[in-house]
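Engineer: My questions will all concern the structure given below.
The values are calculated or read from the model by the stated rules, or taken from the named source; none is laboratory data. Just so it is clear, the model here is predicted, and its values are computed rather than measured. Quick reminder, even Gly has a Cβ in these numbers, built from the backbone with ideal geometry, and neighbours come from all protein chains shown. SASA here: full protein model, heavy atoms, side chains in, ligands and nucleic acids out. Shrake-Rupley method; radii C 1.70, N 1.55, O 1.52, S 1.80 Å.
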Amino acid sequence: MTTASLDLQAAVFARLLADADLLAALGGPRIFDGAPRGTDFPYVTLGAAGQADWSDGSAKGGDVSLTLHVWSRQGGKKEAWAIAGLLMRLLHDEPLALADHQLVTLRVAFAEVRRDPDGITEHGVVRLEALVEG
């Protein structure tokens, strides 16, 4: 049995890799748990994940968070926001099937795009919040 956060991460990863529009925007399956050095831009990485207990006495549950990062060097925020928008469309209220848990809700809680400290990379952040049972 996996933890709920790993279960959600696997389902999100599979959902993103299955979307032709996202893969076209990225120029291929550039979605990583950790991007290899020298990866071409743009790409998406899975970021911080967290889990807290959400059990209610009759059922086990978890409050799970997962952050996705968008990395772009096209110049300006347009490409990063376009990719972040695809992530939000693909995942908000999406009824993902988890291997060892039951997804109750999945919501986009937060999104932003900002210039990275290197001065040339736009960095998008999309934070997901989910409630799971099991």
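Engineer: Could you check, for region 77-84, whether at least one of its residues is free of Cβ contacts under 8 Å to residues at least 12 places away in the same chain, within 15 Å of Pro42 (Cα to Cα) and over 11 Å from the mean Cα position of the chain (by Cα)?
Structural biologist: Within region 77-84, one or more residues are free of Cβ contacts under 8 Å to residues at least 12 places away in the same chain, within 15 Å of Pro42 (Cα to Cα) and over 11 Å from the mean Cα position of the chain (by Cα).
Engineer: Which ones in region 93-115 are assigned to a loop (DSSP other than H, G, I, E, B) and either surrounded by 14 or more Cβ atoms within 10 Å (Cβ to Cβ) or touching a residue at least 40 places away in the same chain (Cβ under 8 Å) (or both)?
Structural biologist: Listed by number, the residues that qualify are Glu94, Leu96, Ala97, Leu98, Ala99, Asp100, His101.
Engineer: Looking at region 23-81, which of its residues are under 18 Å from Leu91 (Cβ atoms) and assigned to a loop (DSSP other than H, G, I, E, B)?
Structural biologist: Pro29, Arg30, Asp33, Pro42
Engineer: Would you please name the residue that is least open to solvent (accessible area, probe 1.4 Å), looking only at residues in region 2-22 that are within 14 Å of the chain's Cα centre (by Cα) and more than 19 Å from Arg89 (Cα to Cα)?
Structural biologist: By that ranking, first place goes to Asp7.
Engineer: Would you point out the residue of region 118-134, among those that are small (Gly, Ala, Ser) and open to solvent by 10 Å² or more (accessible area, probe 1.4 Å), that is farthest from His69 (Cα to Cα)?
Structural biologist: If we take residues in region 118-134 being small (Gly, Ala, Ser) and open to solvent by 10 Å² or more (accessible area, probe 1.4 Å), then Gly134 is farthest from His69 (Cα to Cα).
Engineer: Here's something else I'd like to know. Residues that are buried (at least 17 other Cβ atoms within 10 Å of the Cβ), β-branched (Val, Ile, Thr) and farther than 17 Å from Glu129 by Cβ: does region 40-56 have at least one?
Structural biologist: Yes, that holds for at least one residue.
Engineer: Asp33 passes all but one of (1) in contact with a His (Cβ under 6 Å, 6 or more places away or on another chain); (2) open to solvent by 20 Å² or more (accessible area, probe 1.4 Å); which number fails?
Structural biologist: Unmet condition: (1).
Engineer: Could you check how many residues of region 57-92 are open to solvent by 20 Å² or more (accessible area, probe 1.4 Å) and among the polar types (S, T, N, Q)?
Structural biologist: Within region 57-92, residues that are open to solvent by 20 Å² or more (accessible area, probe 1.4 Å) and among the polar types (S, T, N, Q) number 3.
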